[in-house]
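The values are calculated or read from the model by the stated rules, or taken from the named source; none is laboratory data. The structure displayed is predicted, hence computed values, not measured ones. Cβ placement follows ideal geometry from the backbone for every residue including glycine, while neighbour counts extend to all protein chains displayed.
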Amino acid sequence: MEIIIKKDAHEGSCAAARVIAGLVRRKPNAVIGLATGSTPLKLYNELIRLHKEEGIDFSEVTTFNLDEYIGLPAGHEQSYRRFMNENLFDHINIKTENTHVPDGMTADVSATCAAYEQAIVDAGGIDLQVLGIGSDGHVGFNEPTSSFASRTRIKTLTQQTVADNARFFDGDESKVPHHCITMGIGTIMDARMNIMLAFGANKAEAVADTVEGPVAAMMPASILQHHASAKVFIDEAAATDLKLADYYRWVYNGKPDWQKNA
Ligand code: PGA
């Protein structure tokens with residue numbers, strides 16, 4: 001794992017955006033996995049800026065989002081399809097038909113999940129997956145004790161995740177759907193590269209457990225220790241519990257730019 005500690009969320013997001021921009025320049029038809037939540041917002045703002053000001057071309061890019069709530073129509077203000085349209089897709093030149101978000105209104109969840117997995121395979125697999133991390137260590141909506149071998153499927157949110165996400169639903173936990181469709185941990189581990197973003201003090205413990213703790217289903221993100229190409233972009237607040245923070249800074253600061261952005 002490569003740990004990149006930046007001053008704040010803006011700098012961390014810009015560093016992550018440079019990695020994505022580098023991929024799209026090298027491989028214009030890249031397949032990119034995307035995440036929702038508050039964490040990737042600055043990353044998406046920077047990708048929009050790179051598109052508008054530096055001509056990064058998304059016209060041949062394909063995307064797959066990690067997850068979607070079950071029971072929220074695509075137009076619902078908290079659906080992840082709407083989030084992606086409003087925060088990224090509507091502002092870059094990506095083709096709508098190349099963007100994929102699980103269908104949370106499907107009548108056949110199993111068939112929808114299997115088709116989502118197949119669509120990823122048919123697209124050639126995910127080149128780069130963007131991840132956030134829940135305060136309980138989830139990636140996508142793979143909550144603690146999720147199988148490391150899991151594929152896209154229905155999951156039940158933990159009560160902690162329901163409480164965390166109530167802020168998007170007028171602070172009302174009863175409005176937060178309890179079920180979702182999420183890529184599995186096996187799906188995420190198949191991506192050729194994973195980049196995780198985590199900002200703020202409330203992520204510090206989960207980040208330390210992910211990076212320096214044992215690999216354990218109780219901390220789903222810790223499986224990234226087994227991924228050959230995983231980068232973790234964090235700010236100083238999220239780095240406070242890391243034992244080897246100075247080492248990670250030393251490593252990153254010693255790298256040439258081409259390696260930082262690869
Ligand atoms: P957040 O969520 O970005 O809103 O903190 C992260 C996650 O739940 O994966």
- Message: Criterion first (touching an Asp or Glu at 6+ places or on another chain (Cβ under 8 Å), over 11 Å from residue 1 (Cα atoms), β-branched (Val, Ile, Thr) and surrounded by fewer than 17 Cβ atoms within 10 Å (Cβ to Cβ)) does residue 215 satisfy it?
- Response: no
- How do the pairs read when you match residues in segment 71-82 that are under 19 Å from residue 132 (Cβ atoms) and surrounded by 17 or more Cβ atoms within 10 Å (Cβ to Cβ) with residues anywhere that are modelled with pLDDT under 95 and of a type outside the set (D, E, K, R), using Cβ under 6 Å and keeping only pairs 6 or more apart or on different chains? 79/72; 81/74
- Query: In the set 33, 22, which member is in contact (Cβ under 8 Å) with a residue 12 or more places away in the chain, under 15 Å from residue 129 (Cα atoms) and surrounded by fewer than 21 Cβ atoms within 10 Å (Cβ to Cβ)?
  - Reply: 22
- Query: What number of residues in segment 126-143 are over 21 Å from residue 200 (Cα atoms) and part of a loop (DSSP other than H, G, I, E, B)?
  - Reply: 2
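So which of 105, 183, 193 is more than 16 Å from the ligand (Cβ to nearest atom) and either in contact with a Phe, Trp or Tyr (Cβ under 9 Å, 6 or more places away or on another chain) or within 28 Å of residue 1 (Cβ to Cβ) (or both)? So that I can check it myself, show each step before the final result.
Working: 105 fails: either in contact with a Phe, Trp or Tyr (Cβ under 9 Å, 6 or more places away or on another chain) or within 28 Å of residue 1 (Cβ to Cβ) (or both); 183 fails: more than 16 Å from the ligand (Cβ to nearest atom).
Result: 193 is the single residue among 105, 183, 193 that is more than 16 Å from the ligand (Cβ to nearest atom) and either in contact with a Phe, Trp or Tyr (Cβ under 9 Å, 6 or more places away or on another chain) or within 28 Å of residue 1 (Cβ to Cβ) (or both).
In the list 161, 182, 210, 187, which residue meets the criterion of being among the hydroxyl-bearing types (Ser, Thr, Tyr), within 19 Å of the chain's Cα centre (by Cα), within 22 Å of residue 8 (Cβ to Cβ) and surrounded by 18 or more Cβ atoms within 10 Å (Cβ to Cβ)? Can you show your working first?
On the way: 161 fails: within 22 Å of residue 8 (Cβ to Cβ); 182 fails: within 22 Å of residue 8 (Cβ to Cβ); 187 fails: within 22 Å of residue 8 (Cβ to Cβ).
Exactly one of 161, 182, 210, 187 is among the hydroxyl-bearing types (Ser, Thr, Tyr), within 19 Å of the chain's Cα centre (by Cα), within 22 Å of residue 8 (Cβ to Cβ) and surrounded by 18 or more Cβ atoms within 10 Å (Cβ to Cβ), namely 210.
Residue 102 - would you say it is in contact (Cβ under 8 Å) with a residue 40 or more places away in the chain and farther than 30 Å from residue 21 by Cα? Show your work before the answer.
Values: in contact (Cβ under 8 Å) with a residue 40 or more places away in the chain: yes; farther than 30 Å from residue 21 by Cα: no.
It is false that residue 102 is in contact (Cβ under 8 Å) with a residue 40 or more places away in the chain and farther than 30 Å from residue 21 by Cα.
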- Note on the structure: Among (1) out of contact with any strand residue (DSSP E or B) (no Cβ under 6 Å at 6 or more places or on another chain); (2) under 17 Å from residue 39 (Cβ atoms); (3) within 13 Å of the ligand (Cβ to nearest atom), residue 207 falls short only on (1)
- Query: Looking only at helices (runs of 4 or more DSSP H) that fall completely inside segment 146-229, which ones have 1 or more residues that are without any contact (Cβ under 8 Å) to a residue 60 or more places away in the chain and hydroxyl-bearing (Ser, Thr, Tyr)?
  - Reply: 159-165
- Item | Matching residues in segment 131-178 - criterion: being more than 15 Å from the ligand (Cβ to nearest atom), among the polar types (S, T, N, Q) and either in contact with a His (Cβ under 7 Å, 6 or more places away or on another chain) or more than 28 Å from residue 229 (Cβ to Cβ) (or both) | 174
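Being closer than 18 Å to residue 91 by Cα, among the small types (Gly, Ala, Ser) and in contact with a strand residue (DSSP E or B) (Cβ under 8 Å, 6 or more places away or on another chain): is that true of residue 33 here?
Considered against the rule, which asks whether it is closer than 18 Å to residue 91 by Cα, among the small types (Gly, Ala, Ser) and in contact with a strand residue (DSSP E or B) (Cβ under 8 Å, 6 or more places away or on another chain), residue 33 comes out as yes.
Quick one: in segment 130-152, which of the residues that are under 18 Å from residue 106 (Cβ atoms) and surrounded by 22 or more Cβ atoms within 10 Å (Cβ to Cβ) is farthest from the chain's Cα centre (by Cα)?
So the first thing to find is which residues in segment 130-152 are under 18 Å from residue 106 (Cβ atoms), and the list is 140-141, 151-152.
Filter once more, keeping what is surrounded by 22 or more Cβ atoms within 10 Å (Cβ to Cβ): 140-141, 152.
Details: 140: 7, 141: 10, 152: 15 Å.
Filtering segment 130-152 for residues that are under 18 Å from residue 106 (Cβ atoms) and surrounded by 22 or more Cβ atoms within 10 Å (Cβ to Cβ), the one farthest from the chain's Cα centre (by Cα) comes out as 152.
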